[in-house]
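The values are calculated or read from the model by the stated rules, or taken from the named source; none is laboratory data. Source: prediction; values computed, not measured. Because the Cβ atoms are built from the backbone with ideal geometry, glycine has one as well, and the counts that use them run over all protein chains shown.
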Amino acid sequence: MSLKTLIASQVMQYVTGERRQENRRAGAERRRKKEGRMHEVEYFHVAGDPYSHLVLQVLPALAARYDLVIRPRLAPPPPDWAAPERQKLEDYAREDAARLAAKAGLSFSDPGAQPSAARLAAAEIAIAAILEAPDFAAKALAISQALWTGAALPSGGVSAAAALAEGGARREKLGHYLGGMLHYEGEWYWGVDRLHYLERRLRSLGAQKTGAPEAFLFVQPDSPQADGRASGGAAKEVHFYLSFRSPYTYIAAERIRALALAYGAELKLRFVLPMVMRGLPVPRMKGYYITTDVAREARRMGIAFGKIADPVGTPVERGYSILPMAMEAGLGFEFCQSFLKGVWAEGIDAGSDDGLKTIVERAGLDWNAARALIGGDHWRAEAEANRAEMMNLGIWGVPSFRVGDVATWGQDRMWIIEDELAKPAE
C-alpha cells in the first residue's frame, strides 16, 4: 500500500468514526446551550419532490414529541450534477415514495407524471407565503396534496424566487442538495427514511417530551425478517446489481444473501461500473454525505466500516476482471464480499498486487489464475449488459435488486424484495 493510500484510509477512518461524531455533537450542544437556543431543526422542502410530501405528514408528530422548533425552508430541485438522470429520478421517486408511504402508514399515490412547471411554480408561491406560519406543516401539506392530485392550487401571491434562492443557498452552505432533508446541528437526516436517527439524537439530549410515544415514527423493516419464509412455489431469483465502488453495496451484500437464502432463492450477481466511471458526476458534497450516511447505517447494523481504500478506477477494473472466474467457480459472492470488506472496512489497496492477492485468496481462489486475468477486457460486455438492464428498469444506481418484474434501488429497500419473495406462487 502506498503512503498516500494509507494516509487517506486513516483520515477516512477518523472522519467516519463514532468518536468524531460524538465530539462534534457534544461541541454543538455546548454552543447551543451557551447561546440559549432551543433545539432547532431546519426542514428543506422541494415542491415537486414526493419525499418532501411524506415529510410534511410527519412534521406535526415530530414537533409534538420533542421540545424543538422546526424552521421550514423552500428549496429548488437538486442541481444537474446531483440529478444526472433527472427524468428517471422523478419517475423512480414517485414509485418509491408510494411504496414507502404504504409501508410507513402515510399517503402518496403516484400520479404517473410530474406536475407541470406552471403548477409547480404556483405551489412554490403558495408555500413561500406560509413559511413563517405557525401551522406551516398542515398548510403546506394541503398545498402539496393539491399539487399531486391535480386539485386547484391557491392563486395570487408574490414570486417564490427569493425564498427559493435563500433556501437553496442555505442548503448548499450546510452541505446538501436534495429535498425532504432535515438538518440539526451539523448533521443531515433524509426524509422519513433517516428520521429515526434524528429522534435518537434528540432523545440522547433529553428533548423528548414527557409522555411521548417510545416507538420511533418510522424505522425501515429489517430483512430478512425473523419469521420470513417463502410460502412455496417455484424457486425465484434475486438479481443483485452491485458496484465495487459503492459503500452502500458493501453494507447490503451480506443481508441480500441472507434474504435470498431465507426464501430459497438464487442470488444472481450483476456487476456494473461505478457511476463516476460511467461519466456520471459524484461531487465531493455528495460523496461526503454518502460516506457519513453509510457510516451511521453500518454502526446501527454492527457492520465494520470506515477504513477505506477507495477502489475507483483501476482497482475496480482489476476486481471485475477476476469476478467472472469467481462466479464460474461458485465463489462469486465470497469474492465480492472479500473485495468490498477489504476496500471499505480494512483499508486494503485493491490496486496493488499484495492487496488484491489477499482479497482473492481469502475468497478461496487461486491467485496465480486470478492474476493472469488482470488487465483483460473479457468482463466489460457483461458489465455493460447489466448496466443496460438496470437502466431499462428505470434504475441507474446501486445497490439495486430485482425479483421477477419488481425492482428497487437502495440498501434500505430490501423489504420490497422480501415482500415479493413472500408472495405465494400464482
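Do any helices (runs of 4 or more DSSP H) entirely within the stretch 107-190 hold 1 or more residues that are modelled with pLDDT of 95 or more, within 30 Å of residue 289 (Cα to Cα) and of a type in the set (Phe, Trp, Tyr), and if so, which? Full working, then the answer.
Working: elements: 117-128, 136-149, 161-174.
Hits in the stretch 107-190: 136-149.
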Checklist entry - When residues of the stretch 96-113 are filtered for being among the acidic types (Asp, Glu) and farther than 26 Å from residue 287 by Cβ, how many remain? => result 1
Next on the checklist: Within the stretch 359-378, does at least one residue satisfy the condition of being without any contact (Cβ under 8 Å) to a residue 40 or more places away in the chain, among the hydrophobic types (A, V, I, L, M, F, W, C) and touching a Lys or Arg at 6+ places or on another chain (Cβ under 9 Å)?
Outcome noted: yes
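May I ask you to say which residue of 388, 422, 345 is modelled with pLDDT under 95, under 28 Å from the mean Cα position of the chain (by Cα) and either among the small types (Gly, Ala, Ser) or assigned by TED's automatic domain parsing to the domain that holds residue 102 (or both)? Before you say what the answer is, go through the steps one by one.
Working: 388 fails: modelled with pLDDT under 95; 345 fails: modelled with pLDDT under 95.
Selected residue: 422, the only one of 388, 422, 345 that is modelled with pLDDT under 95, under 28 Å from the mean Cα position of the chain (by Cα) and either among the small types (Gly, Ala, Ser) or assigned by TED's automatic domain parsing to the domain that holds residue 102 (or both).
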Item to check | Those residues of the stretch 288-338 which are small (Gly, Ala, Ser) and surrounded by 19 or more Cβ atoms within 10 Å (Cβ to Cβ), in sequence order | outcome: 295, 298, 306, 309, 319, 321, 326, 332, 338
Next on the checklist: It is to be established whether one or more residues within the stretch 57-65 are of a type outside the set (Asp, Glu) and over 18 Å from residue 196 (Cβ atoms).
Outcome noted: no
Next on the checklist: Can you pull out every residue in the stretch 1-48 that is part of a loop (DSSP other than H, G, I, E, B) and either under 15 Å from residue 309 (Cβ atoms) or touching a Pro at 6+ places or on another chain (Cβ under 7 Å) (or both)?
Outcome noted: 1, 2, 16, 46, 48
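Mind checking whether some residue in the stretch 76-87 is closer than 27 Å to residue 412 by Cα, in a helix (DSSP H, G or I), touching a residue at least 40 places away in the same chain (Cβ under 8 Å) and in the same structural domain as residue 150 (by TED's automatic domain parsing)? Write out each step before concluding.
So in the stretch 76-87, the residues closer than 27 Å to residue 412 by Cα come out as 76-87.
Still in the running and in a helix (DSSP H, G or I): 80-82, 86-87.
With touching a residue at least 40 places away in the same chain (Cβ under 8 Å) added as a condition, the list becomes 81-82.
Next, from what is left, pick out any that are in the same structural domain as residue 150 (by TED's automatic domain parsing): 81-82.
Within the stretch 76-87, one or more residues are closer than 27 Å to residue 412 by Cα, in a helix (DSSP H, G or I), touching a residue at least 40 places away in the same chain (Cβ under 8 Å) and in the same structural domain as residue 150 (by TED's automatic domain parsing).
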Next on the checklist: Condition check: modelled with pLDDT under 95 and in a helix (DSSP H, G or I). Does residue 287 satisfy that?
Outcome noted: yes
Checklist outcome for this item: Counting only residues that are within 28 Å of the chain's Cα centre (by Cα) and not aliphatic (A, V, I, L, M), the stretch 348-373 contains a total of 2
Item to check | Condition check for residue 150: farther than 18 Å from residue 72 by Cβ and either surrounded by 12 or more Cβ atoms within 10 Å (Cβ to Cβ) or over 27 Å from the mean Cα position of the chain (by Cα) (or both) | outcome: yes
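Here is a yes/no grid of residues against (1) hydrophobic (A, V, I, L, M, F, W, C); (2) crowded, with 20+ Cβ neighbours inside 10 Å:
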| position | (1), (2) |
| --- | --- |
| 51 | no, yes |
| 70 | yes, no |
| 79 | no, no |
| 120 | yes, no |
| 128 | yes, yes |
Next on the checklist: of a type in the set (Val, Ile, Thr) and within 23 Å of the chain's Cα centre (by Cα): which single residue out of 41, 69 fits that description?
Outcome noted: 41
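Do you know which of the residues in the stretch 201-222 that are more than 14 Å from residue 68 (Cβ to Cβ) and at pLDDT 95 or above is surrounded by the most Cβ atoms within 10 Å (Cβ to Cβ)?
Residues of the stretch 201-222 more than 14 Å from residue 68 (Cβ to Cβ): 210-211, 213-216, 218-222.
Checking which are at pLDDT 95 or above leaves us with 210-211, 213-216, 218-219.
Details: 210: 5, 211: 6, 213: 10, 214: 6, 215: 9, 216: 14, 218: 21, 219: 16.
The qualifying residue surrounded by the most Cβ atoms within 10 Å (Cβ to Cβ) is 218.
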Next on the checklist: Could you list, ordered by first residue, the pairs with Cβ atoms under 9 Å in which the first is in the stretch 320-333 and assigned by TED's automatic domain parsing to the domain that holds residue 270 and the second is β-branched (Val, Ile, Thr) and in a helix (DSSP H, G or I), at least 6 apart or interchain?
Outcome noted: 322/359; 322/360; 326/360
